[in-house]
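The values are calculated or read from the model by the stated rules, or taken from the named source; none is laboratory data. Here the structure is a predicted model, which is why all the values come from computation and not from measurement. Methodologically, a virtual Cβ is constructed for each residue, glycine included, from the backbone with ideal geometry; neighbour enumeration extends over all protein chains shown. Surface accessibility is based on the protein's heavy atoms, side chains included, excluding ligands, DNA and RNA. Shrake-Rupley method; radii C 1.70, N 1.55, O 1.52, S 1.80 Å.
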Amino acid sequence: MREAVELAWLCPPSETAYSVGAVIVGADGTEVSRGYSREDGDLVVHAEESALGKLAAGDPRLARATIYSTLEPCSQRKSRPRTCTQLIIASGIRRVVIAWREPSLFVADCQGVELLTQAGLDVTEMPAFAAQAAAPNRHLNVT
């Protein structure tokens, strides 16, 4: 999660989106991929989407991988046809670890954790990292 928090600080600040970092780790503990919000000038790319987008569809490592994200994966989205929750489920990843749940600033009731759990994924929250994950978003006045 520390790596994901560091990635969140790389995000260009936005008044309309969170700064989020994501790291995908294989079963052997090695990093498979990483991404962050608005990476490479794509103003609407989300961290999980960026990390998954760097891998081939059906990458066999994903079935035993864990994705660490500083924020609950989105369950609603206007800028892309699929949410991060849908992308994670479709990828074959079975474990998701988040630092904090999405505040209601942009989406009144994010259902990322619930949808992932309903799909049979193991979801773990790491509240000890919540303040660190929220810090790159101070300009949005969220905690």
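Taking every protein chain into account, the accessible area of the chain amounts to 50 square angstrom per residue (probe 1.4 Å). Considering only VAL113, ALA57, THR30, the residue lying farthest towards the positive end of the dipole of the chain is ALA57, judged by Cα position with unit charges set on Cβ.
If you wrap a convex hull around the alpha carbons of the chain, what volume per residue comes out, as a whole number of Å³? It would help to have the intermediate numbers written out before the result.
Values: hull volume 13.9 nm³, N = 143.
Taking only Cα atoms, the chain has a hull volume of 97 Å³ per residue.
Rounded to whole numbers, the Karplus 3J(HN,Hα) couplings from phi for region 113-123 are 4, 4, 5, 5, 5, 4, 7, x, 7, 8, 10 Hz, using 6.51 cos²θ - 1.76 cosθ + 1.60 with θ = phi - 60°, and x at Gly and Pro.
By the scheme Lys and Arg +1, Asp and Glu -1, what is the net charge of all other residues having a beta-carbon under 14 Å from that of PHE129? Intermediate results must be reported in sequence, preceding the final value.
Details: positive: ARG2, ARG101; negative: GLU3, GLU6, GLU72, GLU125.
Overall, the nearby charge balance is -2.
Accessible area of SER104 (1.4 Å probe, protein heavy atoms only, ligands and nucleic acids ignored): about 80 Å². Label positions at LYS54 and ARG2, each projected 7 Å from the Cα along the C-beta direction, are separated by 1.9 nm.
Quick one: pull the percent of accessible area on region 14-143 belonging to carbon and sulfur, 1.4 Å probe, ligands and nucleic acids left out.
Carbon-and-sulfur percentage of accessible area, whole number: 52.
For the pair ALA27 and ALA90, the difference between a 0.36 nm per residue extended length and the Cα-Cα distance amounts to 20.9 nm.
If contacts are Cα pairs under 8 angstrom and at least 6 residues apart, what is the relative contact order of the chain in percent? Present the calculation step by step, with values, prior to reporting the outcome.
Working: 301 pairs, mean separation 30.8, N = 143.
Contact order relative to length: 22 percent.
Rounded to the nearest whole Hz, the Karplus-based 3J(HN,Hα) values (6.51 cos²θ - 1.76 cosθ + 1.60, θ = phi - 60°) of region 78-93 follow the sequence 9, 7, 9, x, 10, 7, 5, 4, 5, 4, 5, 4, 5, 6, x, 4, with x at glycine and proline. Phi-derived couplings, Karplus 6.51 cos²θ - 1.76 cosθ + 1.60 at θ = phi - 60°, listed residue by residue for region 7-14: 5, 4, 6, 7, 5, x, x, 9 Hz, with x used for Gly and Pro.
Length gain on complete extension for the stretch ASP42 to ASP122, per 0.36 nm per residue less the alpha carbon to alpha carbon distance? Mind dumping the intermediate values first?
Values: separation 80, 0.36 × 80 = 28.80 nm, distance 2.96 nm.
Gain on stretching ASP42 to ASP122: 25.8 nm.
Were the residues from GLU114 through VAL142 laid out at 0.36 nm apart, the gain over their Cα-Cα distance would be 7.9 nm. A run of the chain free of exposed loop cleavage sites, with trypsin sites (Lys or Arg not before Pro) counted only in DSSP states other than H, G, I, E and B and at most 14 other beta carbons within 10 Å, reaches its longest extent at 1-53. With contacts taken as Cα pairs under 8 Å and at least 6 residues apart, region 97-143 reaches a relative contact order of 49 percent.
If exposed means no more than 16 neighbouring beta carbons inside 10 Å and the site is in a DSSP loop, what's the longest run of the chain without any exposed chymotrypsin sites (Phe, Trp or Tyr not before Pro)? Can you show the working numbers first?
Details: sites that count: TRP9, PHE106.
Maximal segment without exposed cleavage sites: 10-105.
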